[in-house]
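Undergrad: I have a structure I would like to understand better, so I am pasting it below and will then ask my questions one at a time.
What follows is calculated from the coordinates using simple rules that are stated; it is not laboratory data. This structure is a prediction, so every number in the text was calculated from the model and none was measured.
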Amino acid sequence: MTTTTLPNSRTSRLTESQYDTTLSDFEIAGRVSAIRSTWTAKERVERHIEAARRFDALLEALELDATPAG
């Protein structure tokens, strides 16, 4: 009879997270700026429109959620 053991996923996650490096707000802002600097003007407008559409959808969903039933 053979016995198979599965690795403890919680322990695996703890081990993996020990090696994660948390970025500072400054580092994140720098990375975002670097990415945005490669966008064309048309791409910026398209992204702005899409962000506004998603924000409106979020507000609508939150309003529906807050509406009392009945």
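Undergrad: Compute the Cα gyration tensor for the range 21-70, then decide on rounded, prolate or oblate, letting a ≥ b ≥ c be the square roots of its eigenvalues: rounded whenever a/c is under 1.5, prolate when a/b is larger than b/c in the other cases, and oblate in all that remain.
TA: In terms of gyration-tensor shape, oblate.
Undergrad: Could you go through the range 32-40 in sequence order and give the Karplus-derived ³J(HN,Hα) for each residue, using 6.51 cos²θ - 1.76 cosθ + 1.60 with θ = phi - 60°, rounded to whole Hz, and x for Gly and Pro?
TA: 4, 4, 4, 5, 4, 5, 8, 6, 7
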